[in-house]
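**Student:** Sending over a structure as structure tokens; questions will come in a sec.
The values are calculated or read from the model by the stated rules, or taken from the named source; none is laboratory data. Quick caveat, the model's predicted, so the values are computed rather than measured. Every residue, glycine as well, gets a Cβ built from its backbone with ideal geometry; the counts of neighbours run over all protein chains shown. Remember, those area values only see protein heavy atoms, side chains included, never the ligands or the DNA or RNA. Shrake-Rupley method; radii C 1.70, N 1.55, O 1.52, S 1.80 Å.
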Amino acid sequence: LFYFDTDFKQIDMWLIPLIVDNLFQQVEGQAVGKGYISGDFDDIDFHADFEAQNVFVKPRFVNTNFFLNGMVTVDRQDGVILDSLSVMDTKGGSGTLWGTIDLNDFKPLTYLDLSLAMDRLQFLNSTMDPDVPFFGNVSGTGILQLSGSNNDMDLRTQKPIQLTDNSSLSIPLMEETELAETGRFIQFVDSFEDPLKSAPPASSENEEAREEELKLEIQEMTFSERFDLDLQFGTAGNIGVDLIFDPVTGEVLNSRGSGQMRISMQDQEL
């Protein structure tokens, strides 16, 4: 048995993407904190409280640049707890992030319940990607909620997010984009069972191989395979929305205006 009190005077945040799947494209910065590690080599318990200090974060898919400050708890049983982190973008927008990430004892499937309250915060800064159903430069005020497992996430708004006047959104409607939503057509498999459903009990060696296989499968999932969406937007100003039929020939319907907009996607159907 062992027990260590730890004093983390400087922790590099590049470790975060390894802990919470591949939700982040880039994490840089440092944190300080205290905690403990106890147990034996077969069963380890740990707990630590960190203070993030101007940590740079770029989430995957949305390509926005955020700076985070505030308290983060990492616990063996409770997972990662975000305690009202302050969020800033590079354009003067701000927000507050809170919630939990259940690490599920470091198994491939993890579970999230996060909320982001935004005040003119830039939450989308992306270019065209055949695996993502929309792109653009969007800032707004409101609350975004992300919940579910890392292979089946639900991104939604309870009330419409009020967009800033300089926001612009593009929605590709090309046939090839629709057909390529799954990202792959032919797969060679060992069986026809759903790879993301729980398997029957197996030996520890088979279970380790199964978990490694599941981890790789989750990493290869596209945005459309991972996410369900129910996003509501509103604006009193003048924003741009482009419907792209063929970017090569320039077949794009450009529109500007104000009002309400809703984007929903369930089981890859936009």
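**Student:** Under 8 Å by Cβ, and 6 or more places apart or on different chains, what pairs join a residue from region 208-220 that is closer than 14 Å to PHE106 by Cβ with one that is open to solvent by 80 Å² or more (accessible area, probe 1.4 Å) and not acidic (Asp, Glu)?
**Tutor:** Qualifying pairs under 8 Å: GLU211/LYS107.
**Student:** For region 197-234, what are the residues that are under 24 Å from the mean Cα position of the chain (by Cα), of a type in the set (S, T, N, Q) and modelled with pLDDT under 85?
**Tutor:** SER198, GLN219, THR222, SER224
**Student:** Next question. Tally up the residues in region 149-175 that are assigned to a loop (DSSP other than H, G, I, E, B) and free of Cβ contacts under 8 Å to residues at least 24 places away in the same chain, please.
**Tutor:** Result for region 149-175: 1.
**Student:** A further question on this structure: Tell me whether region 137-148 contains one or more residues that are within 27 Å of GLY39 (Cβ to Cβ) and part of a strand (DSSP E or B).
**Tutor:** Looking through region 137-148, none of the residues is within 27 Å of GLY39 (Cβ to Cβ) and part of a strand (DSSP E or B).
**Student:** Pairs, please: C-beta under 8 Å, at least 6 apart or cross-chain, first residue polar (S, T, N, Q) and in region 249-270, second open to solvent by 90 Å² or more (accessible area, probe 1.4 Å)?
**Tutor:** SER258/ALA236; SER264/LEU270
**Student:** Here's another thing I want to ask about it. When you check GLN25 against the structure, is it surrounded by 16 or more Cβ atoms within 10 Å (Cβ to Cβ), in a strand (DSSP E or B), modelled with pLDDT under 85 and of a type outside the set (Phe, Trp, Tyr), yes or no?
**Tutor:** So GLN25 fails the test.
**Student:** Can you tell which of ASP102, ASP165, ASP131 is out of contact with any Cys (no Cβ under 7 Å at 6 or more places or on another chain) and farther than 25 Å from ASN254 by Cβ?
**Tutor:** The conditions single out ASP102.
**Student:** Quick one: which of ARG156, ARG120, ARG76 is touching a Phe, Trp or Tyr at 6+ places or on another chain (Cβ under 8 Å) and either over 28 Å from LEU270 (Cα atoms) or surrounded by fewer than 18 Cβ atoms within 10 Å (Cβ to Cβ) (or both)?
**Tutor:** Going through ARG156, ARG120, ARG76 in turn, just one is touching a Phe, Trp or Tyr at 6+ places or on another chain (Cβ under 8 Å) and either over 28 Å from LEU270 (Cα atoms) or surrounded by fewer than 18 Cβ atoms within 10 Å (Cβ to Cβ) (or both): ARG76.
**Student:** Pairs please, first residue from region 25-41 and touching a residue at least 24 places away in the same chain (Cβ under 8 Å), second anywhere and open to solvent by 60 Å² or more (accessible area, probe 1.4 Å) and among the β-branched types (Val, Ile, Thr), Cβ atoms under 7 Å, 6+ apart in sequence or on different chains.
**Tutor:** Within 7 Å, the pairs are ILE37/ILE44.
**Student:** Output the number of residues of region 246-266 satisfying the condition of being modelled with pLDDT under 85 and either closer than 29 Å to ASP152 by Cα or exposed (fewer than 12 other Cβ atoms within 10 Å of the Cβ) (or both).
**Tutor:** Start the filter on region 246-266 by keeping residues that are modelled with pLDDT under 85, which leaves 246-250.
If we keep only those that are either closer than 29 Å to ASP152 by Cα or exposed (fewer than 12 other Cβ atoms within 10 Å of the Cβ) (or both) too, we end up with 248-250.
Counting residues in region 246-266 that are modelled with pLDDT under 85 and either closer than 29 Å to ASP152 by Cα or exposed (fewer than 12 other Cβ atoms within 10 Å of the Cβ) (or both) gives 3.
**Student:** Of all residues in region 123-136 being assigned to a loop (DSSP other than H, G, I, E, B) and either open to solvent by less than 70 Å² (accessible area, probe 1.4 Å) or under 22 Å from MET71 (Cα atoms) (or both), which is modelled with the lowest pLDDT?
**Tutor:** Top of the filtered list is ASP131.
**Student:** Give region 75-110 a look and list any residue that's within 17 Å of PHE46 (Cα to Cα), among the aliphatic types (A, V, I, L, M) and outside any strand (DSSP E or B), or say none.
**Tutor:** The one that is within 17 Å of PHE46 (Cα to Cα), among the aliphatic types (A, V, I, L, M) and outside any strand (DSSP E or B): LEU103.
**Student:** Something else about it: For residues that are touching a Ser or Thr at 6+ places or on another chain (Cβ under 8 Å) and of a type in the set (D, E, K, R), scanning just region 229-247, find the one that is farthest from SER149 (Cα to Cα).
**Tutor:** If we take residues in region 229-247 being touching a Ser or Thr at 6+ places or on another chain (Cβ under 8 Å) and of a type in the set (D, E, K, R), then ASP242 is farthest from SER149 (Cα to Cα).
**Student:** Continuing with the same structure: Could you tell me whether any residue of region 85-104 is modelled with pLDDT under 85, over 28 Å from ASN166 (Cβ atoms) and open to solvent by 30 Å² or more (accessible area, probe 1.4 Å)?
**Tutor:** yes
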